[in-house]
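Following: one structure in structure tokens, then a few remarks.
The values are calculated or read from the model by the stated rules, or taken from the named source; none is laboratory data. All values reported here derive from a predicted model rather than from experimental measurement. All Cβ positions, even for glycine, are placed from backbone atoms using ideal geometry, and neighbour counts span all protein chains on display. The protein model used for the area step is the full one, side chains on, heavy atoms only, and it has no ligands, DNA or RNA in it. Shrake-Rupley method; radii C 1.70, N 1.55, O 1.52, S 1.80 Å.
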Amino acid sequence: MNASGTASAAAPRRRPRDWVVDTLLFLLAVLAWLLTTANRLEASTEVAPAWLFDLDQVAGALGCLGLWLRRRWPVGLALALVALSTFSETVAGAMVVALFTVAIHRPPRTTARVYALSVLAALVYVVVRPEPGVPAIALFLFGVVVQGAAVGWGLFIHYRRQLVLSLRDRAVRAETEAHLRAEQAQQRARDEIAREMHDVLGHRLSLLSVHAGALEFRPGASPEEIARAAEVIRENAHLALQDLREVVGVLRGPVGELPQPTLADVRQLAAESGRAGMRVGLREELGGATVPDLVGRTAYRTVQEGLTNARKHAPGAEVVVRLAGSPGEGLTVEVCNEAPGSRPAPGPDPGPVAGAEAVSDPGPGQGLVGLAERVALADGRLEHGPTAGGGWRLAAWLPWPP
């Protein structure tokens, strides 16, 4: 850093308030100098030689002028005035102001050291220039009390400023943390929306892919079969667009929540897959108890992921969905499909059969990875893998409070 930069950092530009304070303190020191001089001139007897009186006046004048440098070099100025106070009484006012400045602008340890030197200087003064008729101990204690009061006042202002800065910094930090928490909450909400849209659109688009592939695979299908496949394609394309509009609307405005499915919607999900040509069997062993929203939503997404994977990788295979459990024991969700048929999948890119390593949409296991995170958030367990008969089993256990 260059010299100009150092000087700028050490002596910032004075504000109007600083000029007022500096002027008042300068006038206070000048007043103390003048009063001390007048009191000495009015004394009936001479107590000091003329040269010491003249030197005292020069020291007092220099001390008062030096106060204009107190913001730039507070410690250096205080030490110089403390040294002059060992013989000069007119510099006392300027020295008290310098001690006050050090207490405000410097650490308390530095202030304590400078104050200790000022006490030592007061002791030297009462030895060098004793006052007739005034006990030395009384004069010494008076100086210590005045200097201590100035230092105490300065320390009070110092700690008060530190407290204000600390509170201001704490407020700024709290505001920053609040913004950060809000951003993190928004990001979590957006991630949740992204997971929901992966589940919903993956299910809808898999239906579109299956039926569009069926039309390509069977160009000689009857008009009734073509009409039924076209109806499924049209219906699911409309639902997919509707879901997409919902999430786009949420992302354009403040982050909100998409409509969430419940366990009761599993029946509609199974029926929808049945209308699309899948053979789906639904077994419910719940005893009519009400399932909590988080558990029901996670169970729904588990069934949805299982049906989507079965539709993609085991076309034509029978799928059995089982929901069982009770409060206190937990909810078990199973989606099992038979081994895929020998005929190829009716889409342009059928992917691996159920039971192979990759069973997901965008990449190896991405759908199951997202589902595992969802189940873990509900404090549940997820299992998946091939069955002894060559099929595939996806199962989740979810806690169900009593």
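Here are the numbers:
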item	result
Condition met for Ala178 (more than 15 Å from Pro107 (Cβ to Cβ), modelled with pLDDT under 90 and surrounded by 10 or more Cβ atoms within 10 Å (Cβ to Cβ))	yes
Within region 70-86, tally of residues that are open to solvent by 30 Å² or more (accessible area, probe 1.4 Å) and either among the charged types (D, E, K, R) or modelled with pLDDT under 85 (or both)	2
Selection count where residues are surrounded by fewer than 17 Cβ atoms within 10 Å (Cβ to Cβ) and β-branched (Val, Ile, Thr), scope region 87-115	1
Any hit, region 30-50, residues being at pLDDT 70 or above, open to solvent by 60 Å² or more (accessible area, probe 1.4 Å) and under 50 Å from the mean Cα position of the chain (by Cα)	no
Selection status of Gly325, at pLDDT 80 or above, surrounded by fewer than 17 Cβ atoms within 10 Å (Cβ to Cβ) and closer than 18 Å to Cys336 by Cα	no
Qualifying residues in region 352-402 (those that are open to solvent by less than 40 Å² (accessible area, probe 1.4 Å) and farther than 20 Å from Val303 by Cβ) - the one modelled with the highest pLDDT	Gly390
Extreme residue, nearest to Ala194 (Cα to Cα), among residues of region 239-269 that are at pLDDT 75 or above and not in a loop (DSSP other than H, G, I, E, B)	Leu241
Region 129-149, residues that are surrounded by 13 or more Cβ atoms within 10 Å (Cβ to Cβ) and either outside any loop (DSSP other than H, G, I, E, B) or under 49 Å from the mean Cα position of the chain (by Cα) (or both)	Ala136, Leu139, Phe140, Leu141, Phe142, Gly143, Val144, Val146, Gln147, Gly148, Ala149
Filtered residue count, region 287-315, keeping only those that are in a loop (DSSP other than H, G, I, E, B) and either surrounded by 22 or more Cβ atoms within 10 Å (Cβ to Cβ) or modelled with pLDDT of 85 or more (or both)	4
Residues that are free of Cβ contacts under 8 Å to residues at least 12 places away in the same chain and open to solvent by 80 Å² or more (accessible area, probe 1.4 Å), drawn from region 116-128	Leu120, Val127
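Yes/no matrix, rows are residues, columns are (1) open to solvent by 90 Å² or more (accessible area, probe 1.4 Å); (2) closer than 30 Å to Leu377 by Cα; (3) in contact (Cβ under 8 Å) with a residue 12 or more places away in the chain:
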residue: Val151; (1), (2), (3): no, no, yes
residue: His158; (1), (2), (3): no, no, yes
residue: Arg168; (1), (2), (3): yes, no, no
residue: Arg188; (1), (2), (3): yes, yes, no
